[in-house]
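Here is the structure we will look at.
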Amino acid sequence: MPELPEVETTRLALEPYLVGQPVADLKIRRRDLRWPIPSGLEKQIQGKQILALRRIGKYMLFDVEDGHSLIVHLGMSGSFRIAKKTPKTLKKHDHILITMKSGVTAIYHDQRRFGFLLSCPTRDLPRHPLLAKMAPDPLNPKAFTPTYLYAALKSRKSAVKLAIMDQHIIAGMGNIYASEALFLAKIHPSRPANSITLKEAKTLTSAVSKVLRSALASGGSTLRDYVSGENVSGYFQHHFAVYDREKQPCPHCHHPLQKQAMSGRATYFCNYCQH
DNA sequence: CAATGAACCTGGTTGC
DNA sequence: TGCAACCAGGTTCATT
């Protein structure tokens, strides 16, 4: 479930093994992900250090010392795992293997292949079409403020749930945490975005931050459990208040939770608590 | 521009 | 048991 917390957990898991290390070998077993992986990348990256691993929204950026960056997106089903030695067996849908000089291999696995890997000169990243209009990061309280969110929602008349999932409004928000944040803020998902008051925007800002930070903390603890073993996936079990809990009692008022499709995406809410 | 729906792809679950 | 239909955490693209 790669929304912001999962992508950040993945980034944290990879960072200690990849950053500051030269790449020994890049092996691409399938190039046809969402977009074809650029040819010649294997040669270009061989022997080069990875200087930093960053995240913008749901994108991960691998800054390589030759002045290029890899832009990686996990799509719907992408994940990484770390193999500390040369992996003996690979699984179906293991598409990319990044082996470092240290002997560690990061393996990208993606069943549905909605994810992708692109290359872009590092200095051009701010102008890259996928990144240029990215919203403020909700984990950054200086940028993600109630007045910002209020103004951003004011310009949209779509349902507030759809609006907060827009990466130009909240970077990294996805379908699960959108339902969770609106429940916490007691805001009904189908409210028009432009009907959200400044006071509600304030509540929603803090609910978004709270929901994402709590998921991230849960991912972090799962990560610590995995560190001793070989597998580091960005995915983890997390308790949801409303997501995937149709007909189950609302944790607050105990009325049955409801499920409703919005733009084809499952949306969960409490019709009594959320207005 | 903003809003809507289809498309991309695989596999698990549901219902007849 | 078989098989079709539906569903899944995301994003772009074409069309209104």
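The values are calculated or read from the model by the stated rules, or taken from the named source; none is laboratory data. Here the structure is a predicted model, which means the values were calculated and not measured. Positions of Cβ are generated from backbone atoms using ideal geometry, with glycine treated the same way; all protein chains shown enter the neighbour counts.
In table form, for the structure just shown:
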item	result
Every residue from the stretch A:191-205 that is buried (at least 16 other Cβ atoms within 10 Å of the Cβ) and in contact (Cβ under 8 Å) with a residue 24 or more places away in the chain	A:191, A:193, A:196, A:201, A:202, A:204, A:205
Selection within the stretch A:162-187 - of a type outside the set (A, V, I, L, M), more than 24 Å from residue A:131 (Cβ to Cβ) and crowded, with 18+ Cβ neighbours inside 10 Å	A:179, A:180, A:183
Residue within the stretch A:67-77 that is in a loop (DSSP other than H, G, I, E, B) and away from DNA strand C (no atom under 16 Å from the Cβ) present	yes
Qualifying residue in the stretch A:216-234 (condition: at pLDDT 95 or above and within 16 Å of DNA strand C (Cβ to nearest atom))	no
Sole exception among (1) in a helix (DSSP H, G or I); (2) over 20 Å from the mean Cα position of the chain (by Cα); (3) within 16 Å of DNA strand B (Cβ to nearest atom) for residue A:189, by number	(1)
Among (1) charged (D, E, K, R); (2) within 11 Å of DNA strand C (Cβ to nearest atom); (3) buried (at least 16 other Cβ atoms within 10 Å of the Cβ), the one test that residue A:137 misses	(2)
The stretch A:18-64, residues that are among the charged types (D, E, K, R) and under 25 Å from the mean Cα position of the chain (by Cα)	A:27, A:29, A:30, A:31, A:32, A:34, A:54, A:55, A:58, A:63
Contacts under 7 angstrom Cβ, first residue in the stretch A:1-30 being touching a residue at least 60 places away in the same chain (Cβ under 8 Å) and part of a loop (DSSP other than H, G, I, E, B), partner of a type in the set (Asp, Glu) and within 16 Å of DNA strand B (Cβ to nearest atom), 6 or more apart	A:29/A:94
Check on residue A:96, in a strand (DSSP E or B) and more than 16 Å from DNA strand B (Cβ to nearest atom)	no
Residue list for the stretch A:114-132, filter: in contact (Cβ under 8 Å) with a residue 40 or more places away in the chain and either touching an Asp or Glu at 6+ places or on another chain (Cβ under 7 Å) or more than 16 Å from DNA strand B (Cβ to nearest atom) (or both)	A:119, A:120, A:121, A:122, A:123, A:125, A:128, A:131
The stretch A:49-78 residues that are in contact (Cβ under 8 Å) with a residue 24 or more places away in the chain, paired with ones that are within 11 Å of DNA strand C (Cβ to nearest atom) and of a type in the set (S, T, N, Q) (beta carbon under 9 Å, 6 or more apart)	A:57/A:167; A:58/A:167; A:76/A:111; A:77/A:111; A:78/A:111
Test: residue in the stretch A:78-86 that is hydroxyl-bearing (Ser, Thr, Tyr), within 16 Å of DNA strand B (Cβ to nearest atom) and outside any loop (DSSP other than H, G, I, E, B)	yes
Selection status of residue A:155, within 15 Å of DNA strand B (Cβ to nearest atom) and either over 25 Å from residue A:64 (Cα atoms) or in contact with a helix residue (DSSP H, G or I) (Cβ under 7 Å, 6 or more places away or on another chain) (or both)	yes
Single condition residue A:54 does not satisfy, out of (1) over 20 Å from residue A:120 (Cα atoms); (2) of a type in the set (Lys, Arg); (3) outside any loop (DSSP other than H, G, I, E, B)	(1)
Qualifying residue in the stretch A:151-158 (condition: touching a residue at least 60 places away in the same chain (Cβ under 8 Å) and buried (at least 19 other Cβ atoms within 10 Å of the Cβ))	no
